[in-house]
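Let me begin by presenting the structure, written as structure tokens, before commenting on it.
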């Protein structure tokens, strides 16, 4: 009797389709899933390629993670699904890492300073942050 009470956790919650609008997937998760499926990848494949857990990808896609995904993770996810510039901009905007009026590519097709710095594999994350901070302090933008 003592063991039964110890292991009893009460009735299990049934999992099913989401009907609560407050629990609907976030636009970032919906867009990421679209890109993942377009790339013909499973959640596990994307997770492995991006260096995160499959559960994390699931949480993002269902909206349980919200849009609080780091810029570095968004960047890795974009690379793994083969996102183009427009798709990468959309994902960065949906997570708040790029303002609605900002772009990854400057007018005339010239990449921004942020793109040059972000794509330099020889720089550490800290070095990238420092470079962008100094650049922004001089010119006021990327």
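Would a scan of region 77-88 turn up a residue that is farther than 20 Å from residue 51 by Cα, more than 21 Å from the chain's Cα centre (by Cα) and surrounded by 13 or more Cβ atoms within 10 Å (Cβ to Cβ)?
Taking every residue of region 77-88 in turn, none turns out to be farther than 20 Å from residue 51 by Cα, more than 21 Å from the chain's Cα centre (by Cα) and surrounded by 13 or more Cβ atoms within 10 Å (Cβ to Cβ).
For residues that are in contact with a helix residue (DSSP H, G or I) (Cβ under 7 Å, 6 or more places away or on another chain) and under 28 Å from residue 129 (Cα atoms), scanning just region 37-53, find the one that is surrounded by the fewest Cβ atoms within 10 Å (Cβ to Cβ).
By that ranking, first place goes to 51.
Quick note: the coordinates plus some simple rules give every number you see, no bench work behind them. Here the structure is a predicted model, which means the values were calculated and not measured. Quick reminder, even Gly has a Cβ in these numbers, built from the backbone with ideal geometry, and neighbours come from all protein chains shown.
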